[in-house]
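The values are calculated or read from the model by the stated rules, or taken from the named source; none is laboratory data. These numbers were taken from a predicted model, which means no experiment stands behind them. So basically every Cβ, Gly included, is an ideal-geometry build from the backbone, and we count neighbours across all protein chains shown. Please note that ligands, DNA and RNA were not included when accessible areas were found on the heavy atoms of the full protein model with its side chains. Shrake-Rupley method; radii C 1.70, N 1.55, O 1.52, S 1.80 Å.
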Amino acid sequence: MQPSLPSPHPTEHHRSQRSNWLRAAVLGVDDGLVSTSSLMIGVLAAHASYSTILTTGIAGLVAGALSMAAGEYVSVSSQRDAERTDIDIERRALQNNPKGELAELAAIYQQRGLSKDLSLEVARQLQARDAVGAHARDELGITVATHPNPLQAAIASAIAFAGGSFVPILATLLSKTGENAFVIVVATLIALAISGAIGASIGGGNRFVAGCRVLLGGGIAMAVTALIGHLIGTTL
Ligand SMILES: [Zn+2]
């Protein structure tokens with residue numbers, strides 16, 4: 001009688017599955033936060049009016065979200081195209097030289113530590129069941145079922161960017177005239193610290209260090225833009 005296998009480990013939480021798109025989302029939010037708040041601080045430092053500051057923020061949100069979406073769509077599409085091309089190459093190789101491909105697959109399992117006979121048997125069974133899938137997964141590291149979806153990635157990064165950009169815009173809408181710079185900076189830094197900590201907890205990193213890192217980066221970006229805005233504002 002076959003010994004019963006223990007049930008899969010119920011408490012193991014693997015992060016890598018969900019971390020890719022979460023990390024992209026956190027980066028998108030950070031991008032939106034830093035670039036839109038810096039834009040607004042820049043024109044504010046150039047003594048722009050309240051409505052100009054707000055318009056700048058909204059224009060930054062729209063422009064940034066659309067360019068993030070376009071960039072993500074193009075990069076994920078080219079990644080998907082490259083994966084599809086690789087899989088087509090595998091499919092043709094399997095048609096033209098099934099024996100050679102079987103040996104190649106067996107060699108991969110042997111390299112991973114299986115005995116020669118067992119490697120060949122595993123390769124034979126997996127190739128019989130789903131040859132393209134086995135080669136894509138174990139030779140190319142591609143999971144056929146989970147091709148990246150360019151449109152989904154584009155929409156996700158646009159939403160993330162817009163979400164980040166909305167923080168300084170909302171802070172400006174809620175603040176009274178004259179307090180804008182202070183409120184934009186404080187709201188952005190708090191949001192950056194939170195997104196940094198979230199990013200760290202996704203990847204299992206140190207939240208405090210990650211929070212400080214994005215705070216520093218965001219703070220420098222706003223300071224430099226404010227300085228340039230001030231210089232331009234006082235000279236023009
Ligand atoms: Zn192959």
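As an exercise: evaluate residue 55 against (1) open to solvent by 60 Å² or more (accessible area, probe 1.4 Å); (2) under 30 Å from residue 187 (Cα atoms); (3) touching a helix residue (DSSP H, G or I) at 6+ places or on another chain (Cβ under 6 Å) and give the number of the one condition it does not meet.
(3)
What residue, among those in region 217-233 that are free of Cβ contacts under 8 Å to residues at least 24 places away in the same chain and open to solvent by 80 Å² or more (accessible area, probe 1.4 Å), is nearest to the chain's Cα centre (by Cα)?
By that ranking, first place goes to 220.
Out of 199, 204, 233, 211, report the one residue that is under 23 Å from residue 43 (Cα atoms) and small (Gly, Ala, Ser).
Among 199, 204, 233, 211, only 233 is under 23 Å from residue 43 (Cα atoms) and small (Gly, Ala, Ser).
Conditions first: (1) in a helix (DSSP H, G or I); (2) away from the ligand (no atom under 16 Å from the Cβ). Residue 47 passes all but one, so which condition is the exception?
Checking residue 47 against (1) in a helix (DSSP H, G or I); (2) away from the ligand (no atom under 16 Å from the Cβ), the one that fails is (1).
Table: residues versus (1) hydroxyl-bearing (Ser, Thr, Tyr); (2) in contact with a Pro (Cβ under 8 Å, 6 or more places away or on another chain); (3) modelled with pLDDT under 90.
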residue	(1), (2), (3)
8	no, no, yes
11	yes, no, yes
44	no, no, yes
54	no, no, no
59	no, no, no
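From the list 154, 162, which residue is more than 16 Å from the ligand (Cβ to nearest atom), touching a residue at least 40 places away in the same chain (Cβ under 8 Å), open to solvent by 20 Å² or more (accessible area, probe 1.4 Å) and part of a helix (DSSP H, G or I)?
Exactly one of 154, 162 is more than 16 Å from the ligand (Cβ to nearest atom), touching a residue at least 40 places away in the same chain (Cβ under 8 Å), open to solvent by 20 Å² or more (accessible area, probe 1.4 Å) and part of a helix (DSSP H, G or I), namely 162.
So, in region 191-216, exactly how many residues are of a type outside the set (S, T, N, Q) and either open to solvent by less than 40 Å² (accessible area, probe 1.4 Å) or not in a helix (DSSP H, G or I) (or both)?
13
What tally of residues in region 98-148 results from selecting those that are assigned to a helix (DSSP H, G or I), open to solvent by less than 40 Å² (accessible area, probe 1.4 Å) and touching a residue at least 24 places away in the same chain (Cβ under 8 Å)?
Residues that pass the stated criteria total 12.
For residue 18, which of the numbered conditions (1) surrounded by fewer than 20 Cβ atoms within 10 Å (Cβ to Cβ); (2) modelled with pLDDT of 90 or more; (3) charged (D, E, K, R) fails to hold?
(2)
Please give the number of the condition residue 92 fails out of (1) more than 16 Å from the ligand (Cβ to nearest atom); (2) open to solvent by 30 Å² or more (accessible area, probe 1.4 Å); (3) more than 30 Å from residue 168 (Cα to Cα); (4) in a helix (DSSP H, G or I).
If we test residue 92 against (1) more than 16 Å from the ligand (Cβ to nearest atom); (2) open to solvent by 30 Å² or more (accessible area, probe 1.4 Å); (3) more than 30 Å from residue 168 (Cα to Cα); (4) in a helix (DSSP H, G or I), just (1) comes out false.
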